[in-house]
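The structure appears below as structure tokens.
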Amino acid sequence: MSPRLPMPASSSRPTSTRWIAYEYVAMGLGLSFLGLLCLIWLPFALVLRLLLPSGFGRRFGQRMIAVGFRLYLGFLRLFCASRFDLDEIDELRDLPPRILIANHPSLLDVVLIVSRLPNVVCVMKASLMRNLLLGAAARLAGYISNDGPLEMVLQAGQALDEGAHVLIFPEGSRTRHFPLDPLNNSAALIARRTGIPIQSLLIRFQSPDPLPYLGKGWPLWRKPSLPQYWSVRLGPVFALGAEPRTQSQTEISPTSRRETVALTERIENELRLHLSRNPSS
């Protein structure tokens, strides 16, 4: 069962040849606009990373990514028959730093969340950090590669100390088996190291397609069926006390390992339950 939203009864999908042609045009326009935003920001990100003080540069880079993603979602609303319900994310803006976790149905998930948060650091795949279009902006913003688990945990702790939220998709990849794939321990490890609570986010979608646009296995050139509806809701908060300061920075105690595994299992069970429910229940 996928984390789908109920489609409004008044939004039945047109099936004419013109509408199908529009879906292809909308896909091309949407991808082109996102690519254009990335290309415009690329040279600025490269130069500003060299010129700006590191702390200011990271904050500025995070804010500019949020602005760019918000522009992109606005474009999708206007031209690509897409609707987004993201207001609940705004509640996190003025809260102390938190570890944010979410299910991961689509490549759009990062865009949905970061568009509403100007102070968030994402944990990204190492391949995306090296991507020509995305890498410079991600490095300027202080985004974290998932290449090395220990380095990831330490860098996440630093970002939290600097006042940023840290966003992780603990499934490790886009969801294959809905509503949720098994979670890794990354968020729980960071929570144990820092004592920062974990705020879960519940991403749901609705479209005439059974699977989300740009989900796992969705080719980039395959058109979506429109209209599309997306929502992000605040889920449960999970806490785990910080490990004693005497612990080595490069080792995880057996007690901490057991606690992080137990917390990850609890998070997975609760998220699976919430995502399987009707969002109105």
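The values are calculated or read from the model by the stated rules, or taken from the named source; none is laboratory data. As the structure is a prediction and not an experimental result, all values here were calculated from the model. Please note: Cβ atoms are built from the backbone with ideal geometry, for glycine as well, and neighbour counts cover all protein chains shown. Ligands, DNA and RNA are excluded from the accessible area calculation, which covers all protein heavy atoms including side chains. Shrake-Rupley method; radii C 1.70, N 1.55, O 1.52, S 1.80 Å.
With a 1.4 Å probe and all protein chains kept in place, how do Asp147, Asp85, Asp161 rank by accessible area, largest first? Don't jump to the answer; show the numbers that get you there.
On the way: Asp147 115, Asp85 55, Asp161 135 Å².
Descending order: Asp161, Asp147, Asp85.
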- Task: Could you tell me whether region 154-246 comes out rounded, prolate or oblate from its Cα gyration tensor? Rule is a ≥ b ≥ c as square roots of the eigenvalues, rounded for a/c under 1.5, then prolate if a/b exceeds b/c, otherwise oblate.
- Result: prolate
- Dividing the helical contributions, -39500 (n - 2.57) per DSSP H run of n ≥ 4, by the residues of the chain yields a 222 nm value, nearest 500 deg cm²/dmol, of -14500 deg cm²/dmol
- Note on the structure: In the neighbourhood of Leu52 defined by beta carbon distances under 15 Å, the net charge of the other residues (Lys, Arg +1; Asp, Glu -1) is +4
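Which order do Ile196, Ile190 take by accessible area at a 1.4 Å probe, largest first?
The ranking, largest first, comes out as Ile196, Ile190.
Quote the relative contact order of region 51-200 in percent (integer), defining contacts as alpha-carbon pairs under 8 Å separated by 6+ residues. Working shown, then result.
On the way: 209 pairs, mean separation 46.8, N = 150.
Dividing the mean separation by the residue count of region 51-200 yields 31 percent.
Over the chain, what is the relative contact order in whole percent, taking alpha-carbon pairs under 8 Å and six or more residues apart?
On the way: 454 pairs, mean separation 72.5, N = 281.
Contact order relative to length: 26 percent.
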- Dipole magnitude of the chain about its Cα centre, charges +1 at Lys/Arg Cβ and -1 at Asp/Glu Cβ only, in debye to the nearest 20? 580 debye
- Message: Please state the shape class of region 122-181: rounded when a/c is under 1.5, otherwise prolate if a/b exceeds b/c and oblate if not, all from the C-alpha gyration tensor.
- Response: oblate
- What helices in the chain pass both tests, a Cα length along the helix axis of 20 Å or more and a mean Kyte hydropathy of -1.0 or higher, using whole DSSP H runs? 17-51, 54-79, 254-276
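Can you classify the chain as rounded, prolate or oblate using the Cα gyration tensor, where a ≥ b ≥ c are the square roots of its eigenvalues, rounded means a/c under 1.5, and otherwise it's prolate if a/b beats b/c and oblate if not? Present the calculation step by step, with values, prior to reporting the outcome.
Values: a/c = 2.14, a/b = 1.34, b/c = 1.60.
Oblate shape, in that a/c is at least 1.5 and b/c is the bigger or equal ratio.
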